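The values are calculated or read from the model by the stated rules, or taken from the named source; none is laboratory data. Note that the structure is predicted; figures quoted are calculated from it, not measured. Positions of Cβ are generated from backbone atoms using ideal geometry, with glycine treated the same way; all protein chains shown enter the neighbour counts. The protein model used for the area step is the full one, side chains on, heavy atoms only, and it has no ligands, DNA or RNA in it. Shrake-Rupley method; radii C 1.70, N 1.55, O 1.52, S 1.80 Å.
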Amino acid sequence: MNRSHPITQGILRFLGVLASLFVLLVIVLAALGLPLVESLRLLASGAFGDSYGIARTLIKMTPLLLCGLGMVLAWRAGMYNIGGEGQFLVGALAGAWLFAKVPIPSPLLMTLTILIMGVVGGALWAWLAAWLFVKRGVQVVISTILLNFVALRFVEWAVRGPVQETKRQLPISQSLPDSVAFQELVPQTGLHPGVLIAVVVAVLIAIYLFRTVGGYRLRLVGENPSAARANRIDAGKVQIRAMLMSGGLCGLAGAVEYVGVSQQVGDGFAQNWGFMAIPVALLGDLNPFGVIFSSLYFGALFAGSENLSRFSASGPTVVLVMQGIAVLAFVGLREWSKRRGRIVTTEEAL
């Protein structure tokens with residue numbers, strides 16, 4: 001029997017997932033007792049109804065995409081990083097610390113350095129968990145979860161101490177001046193260049209994973225560590241590198257959110273982007289291109305639910321329920337397909 005082209009299979013699979021997500025959304029809305037047509041209209045209007053809605057969707061998508069890519073790299077290497085939230089926070093805090101302590105006269109250079117500090121901060125935070133796993137055998141799931149709480153307390157301490165605003169009245173860092181913050185891509189929408197950075201990074205991660213020796217080794221270590229060692233690949237070194245890159249991406253997400261959205265770091269900076277990136281990465285099939293679409297989908301849901309919330313208290317609930325059900329359904333279907341030998345991996349479509 002002739003098989004269709006892998007790219008065609010990938011497109012059909014994507015359309016199938018899209019249709020399934022829509023059906024799930026309808027079921028969730030019905031289960032919550034919301035008027036179906038009106039709720040869908042409000043969600044669509046809030047997410048794509050005008051330039052402001054589209055901008056809100058892309059703004060919500062940006063941290064989900066960067067953190068989701070971080071999850072992809074770690075999980076592909078067999079390192080189940082649950083610490084995206086902590087790495088996100090430390091990345092933002094590293095940027096705030098740089099702005100508070102290091103005078104850089106050029107605003108553009110300050111912005112770039114804050115982003116770099118975000119990457120470094122998140123990477124170092126993830127490195128702790130990687131080192132504990134490789135050198136001491138501490139499970140990454142446990143260490144990264146615990147490091148999330150440490151990071152949260154670390155931020156609470158820092159915004160009352162070394163990075164607190166100059167008047168010392170509020171537990172928050174000094175606000176970035178407009179010259180250092182991201183400039184709006186579209187006036188009056190808040191859309192910042194971070195979304196472009198995230199998409200470019202996604203393409204680079206895809207090239208790294210599927211078109212380089214380093215990416216092949218990372219995937220081999222994650223899929224079969226014994227085979228990797230038999231090929232003289234230092235699995236521990238590869239896993240530490242994967243965690244560094246994973247944490248760096250989550251830290252970059254924190255820095256982008258800091259420079260592009262909040263311009264300050266405080267107690268309420270954590271918005272669970274690091275946690276929510278896990279279902280986004282899973283729904284994207286641990287593939288960078290898949291994560292682009294899954295983060296866009298959930299970004300649209302978040303933006304649309306803000307519109308829905310004005311007419312129903314169930315707005316934010318829709319997103320959370322959708323995330324849980326969609327991931328459970330996707331993982332269940334994937335396992336079922338694997339057992340029947342029908343799965344078509346996204347790599348084959350590339």
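Spin-label model, Glu156/Tyr216: points 7 Å from Cα along the beta carbon direction are separated by 4.9 nm.
Sequence gap at least 6, Cα distance under 8 Å: using those rules, report the relative contact order of the stretch 1-129 to the nearest whole percent.
Once divided by the residue count of the stretch 1-129, the mean separation gives 16 percent.
Shape class for the stretch 154-232, computed from the alpha carbon gyration tensor (a ≥ b ≥ c): oblate, with a/c not under 1.5 and a/b at or below b/c. Net charge in the neighbourhood of Gln263 (other residues with Cβ under 11 Å of its Cβ; Lys, Arg +1, Asp, Glu -1) is -2.
Viscosity 0.692 mPa s, temperature 37 °C: Stokes-Einstein D of the stretch 108-147 from its Kirkwood Cα radius, in µm² per second? The calculation lands on 294 µm²/s.
In this view, the solvent-accessible surface of Ser175, computed with a 1.4 Å probe and all protein chains in place, comes to about 60 Å². The helix-only estimate of mean residue ellipticity at 222 nm for the chain, built from DSSP H runs of length n ≥ 4 each weighted as -39500 (n - 2.57), is -24500 deg cm²/dmol after division by the residue total. For the chain, the share of alpha carbon pairs falling in successive 10 Å distance bins from zero is 6, 24, 32, 26, 11, 2, 0, 0 percent. Could you tell me the ratio Rg/Rh of the stretch 186-300? Both radii from Cα atoms, Rh via Kirkwood. Taking Rg over the Kirkwood Rh, I get 1.04. Net length available on complete extension from Phe22 to Ala227 is 69.8 nm, with 0.36 nm assigned per residue and the Cα-Cα distance removed. A crude spin-label estimate for the pair Phe14 and Arg310, with each label 7 Å from Cα along the Cβ direction, gives 3.2 nm. For Ile172, the residues whose amide H sits under 5 Å from its own are Glu165, ignoring neighbours fewer than 5 places away on the same chain, with H placed 1.01 Å from N.
Rounded, prolate or oblate for the stretch 15-171? Axes are the square roots of the Cα gyration tensor eigenvalues, ordered a ≥ b ≥ c, and the cut-off for rounded is a/c under 1.5.
Oblate is the answer for the stretch 15-171, as a/c is 1.5 or above yet b/c matches or exceeds a/b.
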